2 protein chains.
Amino acid sequence: MASRVFRSSLGLASRLRPAASFVPCQTRAFAASSRNMSAPFYSFEPEGPTVKTDIPGPRAKAAIAELDQVFDTRSLNMLVDYQKSSGNYIADPDGNVLLDVYAQIASIPIGYNNPTLLKAARSDDMINGLINRPALGNFPPEDWASVLKTGILKVAPKGLDQVFTAMAGSDANETAYKAAFMWRRQQDRGGHHVEFTEEELASSMRNEAPGASQSLSILSFKTGFHGRLFGSLSTTRSKPIHKLDIPAFDWPQATFPLLKYPLEEHAAENAAAEQAALQEVEHLLTTYRVPPCAVIVEPIQSEGGDNHASAAFFRGLREVTRKHNVLLIVDEVQTGVGATGRFWAHEHWDLPHPPDMVTFSKKAQTAGYYFGNPELRPNKPYRQFNTWMGDPARALLFRAIIQEIERLDLVANTARVGDYLYGKLEALAKQYPGQFDNLRGKGMGTFIAFDNPRRDEFLLRAKKFGVNIGGSGQSAVRLRPMLIFQEKHADLLVEALEKIVKSF
Amino acid sequence: MASRVFRSSLGLASRLRPAASFVPCQTRAFAASSRNMSAPFYSFEPEGPTVKTDIPGPRAKAAIAELDQVFDTRSLNMLVDYQKSSGNYIADPDGNVLLDVYAQIASIPIGYNNPTLLKAARSDDMINGLINRPALGNFPPEDWASVLKTGILKVAPKGLDQVFTAMAGSDANETAYKAAFMWRRQQDRGGHHVEFTEEELASSMRNEAPGASQSLSILSFKTGFHGRLFGSLSTTRSKPIHKLDIPAFDWPQATFPLLKYPLEEHAAENAAAEQAALQEVEHLLTTYRVPPCAVIVEPIQSEGGDNHASAAFFRGLREVTRKHNVLLIVDEVQTGVGATGRFWAHEHWDLPHPPDMVTFSKKAQTAGYYFGNPELRPNKPYRQFNTWMGDPARALLFRAIIQEIERLDLVANTARVGDYLYGKLEALAKQYPGQFDNLRGKGMGTFIAFDNPRRDEFLLRAKKFGVNIGGSGQSAVRLRPMLIFQEKHADLLVEALEKIVKSF
């Protein structure tokens, strides 16, 4: 097949070399061209994508066939040469280099082979965390308080000053659920100091009430996604393929207010949908056969199709949960760490009272839940516990990510570039009716999506035009650029999006 | 208080320095003293423990108080200075250095600051895996097949040649359960190619049958431990404190044959107990109201109190599960990677047919489940999936661990040293009746335990005598030395154990 080369790659493949060869741009006085409104953050990125072969190309195909012998490859999207990937660009073994606005399912915060992370990875602290992995609940490192305070907790959501560390989004959510169940049952018993009864002790071992709380639940929203283990999957309501054949708890689901776009043309209708959703939540909290002790919600339903709701809706949710003594858990696994133009997406809501727990993972490269209320520490040790309770190496990486976000003011960058990108997409949507439907994410940084009637083909074709994009829900094209995505990248993306729809 | 110094520490604190200063002992011709039957594996360990202060000492106390402001420290056992820890020795901020036979709840395979791991941690591959974390199911690195084949899969249990990678023991077990549920339901539907019904698709989203498999279960054993998330906790039956207040599935439990010791004095009784347990399993498989599609079992119940059963029992379990078309999942999270004197503990059983799945974590420093039957790959992609599906940095660490185990023949070392240690403990048990009760783990490497009537005090006092030891179950002292534990360490341990019981 003919190879397509959009522009000559710089060929500066980011092989792992001494950090000095990756000097971050020190000066912001770089002469910006008319297209490039900001100076580049790093000097080692290519100027644009390079597409040399079909993806997968011949080398990738051979490697995938080898991998499939031992590891299921049916969900494989693209085989990657990470050492050759750099910044916003993902490379494959056939020499293709794509602008990556999927970013490992929204999990790469500050680009491939980031020089600051390279330095952190080479530090004595990191190597120590890697090769001497502690059981953090039993044998924490002497500097664990400092690692937390200068890292994970430095960016703790307002009102939350403690953390339980975990491994990934699923167990972050599930340990938050466990904290919620223990909290409510302690209240029901009359406080932290009331001992368990003999009947509770004995029945818990048989998975039976009253020891196992079969009479409490977690409420989640339809089209929400909170993970794939047994407890988190019971709250996930995204797609049947995630849930089929797996036993689930009898926990309730409320309707998420699926807004109509453009928002300004459907204001009254959307407000009514949100009001109805809040009423359904209240109804379920007060009448469901297994009463919820907590509600979990994503600020923007991501896997479920990039579904947004207004700040007023979330303030209403905080109000109704407080009214009924139910905890509010905000799942910021995908929305957290800057991509919405705030460090945490729920900062957009202006809540009068903070969420009770906020879970994180993905761009944090580690995971856990934040909380503030000391009652959310269970009444006895070893109730919320496991061997590793996270990974100090990954906690150190998050600290380095935070430092880089602060140094380059990347949350503000993402807010600004998001607005720029959104404006360009609005123009595209007008120009190509029916191709960029329900454009959403205005004012939410680069956390932007739209629907396309041929979504799956759209995503496949994107690669041919030099861009790696993901989907969500039934028909959404979800954009999840990294925090180092700049106006010049937005221009390249918009150019490719136009080529895709023109090719239909 | 007076400081206790058992022998002068070498003061060669293993600070992170260039690898050259940690030269592993190349020659095994080292002149072994009469006490030291083998040459040391590494030259940087101290000669023995050093106890300078109470544990926690003043520095640790201050750091723990600081940590407790943000992180629950009630399960804290010992605050650790990992950079000063080396080999079999764990150090704290007050200058105390203990022989560590707990090893981060059986999770450190080849010692603190192991020079081979230090080298691996500094490699380009590792740094790449750390800073460019992939979504392994979607965007695997081009060398992922090679990383698996030269690492995780190089030590795959006989008969199992595929792996699903995970983060820790809990999700390794839960994803194995998910594979079991999907496997059985596919059989019930009539095969991989039978599509889901509309009713299944719709009901799964409501957490209801027939889409959610409310009618299938996982059978586990009383006093077993398989993790603490909602699905794994439903199979965990170790202690109420692990289970209280957490909703659980209606899944069955069978009695684990709690053997009497010494085994040779209770042969008939123990055989009868095992036979009864197998009959109970068969009864539950055929009559339980929620029929099991899989049985999960630990080769040695670890958290539950170091409960052993004979190879014949496990062969019987394999037979009865095959007879009833039920999968056998062997949970080798704690027993795997060499500590029983075989790489996998179930190799001791001489099974005519391999287990269907074997889960691993802890000493592997990564996690997942092995399987062989291609039917255990679900019929469609994205059924067994999550964002990270493991961590390549940790997979690379396991590969380095495997290489070191092979280079130094550490499984054979552990078998030999285990026998040596067991012999010494048998002598102690005779000398101090009632102090080393139910000594168990003969022929199982260093995976040895005994009961002590004042177990908790025993463990506390062990630190004063220079040893870090853990407990399990109600009264067990569980020994979990690393694979680099040698005869000289066994001598030091036995000396300390004797001092403890003499001090009572």
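Here, each number is a calculation from the coordinates, and none is a lab measurement. All values derive from a computational prediction rather than experimental measurement. Glycine gets a Cβ as well: all are built from the backbone with ideal geometry, and neighbour counts include every protein chain shown.
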In nm², what is the average projected area of the convex hull enclosing the Cα atoms of the protein assembly as shown? 39.3 nm²
DSSP beta bridges in the protein assembly as shown: the antiparallel percent, rounded to 5, is 65 percent
Per residue, the convex hull volume that the Cα atoms of region B:426-499 enclose (Å³): 90 Å³
Extension reserve of the A:Ser123-A:Ala311 stretch, reckoned as 0.36 nm per residue once the Cα distance is removed: 63.5 nm
With each label point set 7 Å from Cα along the Cα-Cβ vector, what nm distance links A:Glu47 and B:His324? 7.0 nm
If R0 is 25 Å, what FRET efficiency do you get for B:Ile241 and B:Phe504 from their C-beta distance, rounded to 0.05? 0.40
Taking a point 7 Å out from Cα toward Cβ as the label site, list the nm distances between A:Glu199 and the same residue in every other copy, smallest first. 3.8
Rounded to 10°, Cα long-axis angle of helix A:487-503 versus longest principal axis of chain A: 80 degrees
Per-residue average of Cβ from other chains inside 10 Å of A:223-231: 6
How big is the C-alpha Rg of region A:142-196 next to the rule-of-thumb value 2.2 N^0.38 Å, as a ratio? 1.43
For region A:271-343: span of alpha carbons on each principal axis (Å, largest first): 37, 25, 21
Taking all pairs of different Cα atoms in region A:129-406, averaging 1/r and flipping that mean, what Kirkwood radius in angstroms comes out? 19.5 Å
Over region B:314-358, what lengths in whole Å, largest first, do the semi-axes of the equivalent ellipsoid take, defined as the square roots of 5 times the eigenvalues of the alpha-carbon gyration tensor? 21, 11, 7
From the helices alone, meaning DSSP H stretches of at least four residues, give me the mean residue ellipticity at 222 nm for the protein assembly as shown, per-run term -39500 (n - 2.57), in deg cm²/dmol to the nearest 500. -10500 deg cm²/dmol
For region A:274-290, take each phi angle, set θ = phi - 60°, evaluate the Karplus expression 6.51 cos²θ - 1.76 cosθ + 1.60, and give the result in whole Hz per residue in order, putting x for glycine and proline. 5, 4, 5, 5, 5, 5, 5, 4, 4, 4, 5, 4, 9, 10, 5, 4, 10
Past 27 Å, Cα to Cα: identify those pairs from A:Lys260/A:Lys424; B:Lys430/B:Lys488; B:Lys424/B:Lys464; B:Lys222/B:Lys363; A:Lys178/B:Lys380; A:Lys178/A:Lys243, in the order given. A:Lys178/B:Lys380
Spherically averaged projected area of chain A from its Cα convex hull (nm²): 25.2 nm²
The relative contact order of region B:364-479, taking Cα pairs under 8 Å that sit 6 or more residues apart, comes to a percentage of 17 percent
For peptide A:209-220, compute the average count of partner chain beta-carbon atoms within 10 Å of each residue's beta-carbon. 3
Using modelled backbone amide H atoms (1.01 Å from N, in-plane), which distant-in-sequence or interchain residues come within less than 5 Å of B:Ala254's amide H? B:Ser220, B:Phe221, B:Lys222
Dipole of chain B, Cα-centred, from +1 at each Lys and Arg C-beta and -1 at each Asp and Glu C-beta, to the nearest 20 debye? 1040 debye
The alpha-carbon center of region A:406-454 and that of region A:163-190 are separated, in whole Å, by 35 Å
Convert each backbone phi in region B:301-306 into a coupling constant with the Karplus relation 6.51 cos²θ - 1.76 cosθ + 1.60 (shift: θ = phi - 60°), then list the ³J(HN,Hα) values in order as whole Hz, x for Gly and Pro. 5, 9, 4, x, x, 6
Projected-area mean, region A:364-504, by convex hull of Cα positions, square nanometres: 11.7 nm²
Mean Cβ-within-10 Å packing, highest first, puts peptides B:467-473, A:163-169, A:314-320, B:428-434 in the order A:163-169, B:467-473, A:314-320, B:428-434
Could you tell me the relative contact order of chain B? Use alpha-carbon pairs under 8 Å, at least six residues apart, and round to a whole percent. 20 percent
Rounded to 10°, Cα long-axis angle of helix A:410-431 versus longest principal axis of chain A: 70 degrees
Mind giving me the FRET efficiency for A:Asp161 and B:Ala209? R0 is 56 Å, r the Cβ-Cβ distance, nearest 0.05 is fine. 0.85
Assuming 0.36 nm per residue, please report the length gained on full extension of the stretch A:Glu495 to A:Thr197 beyond their Cα-Cα distance. 100.6 nm
Tabulate in residue order the Karplus-calculated ³J(HN,Hα) for region B:125-136, using 6.51 cos²θ - 1.76 cosθ + 1.60 with θ = phi - 60°, rounded to whole Hz; enter x for Gly and Pro. 4, 5, 4, 4, x, 6, 8, 10, 6, x, 7, 4
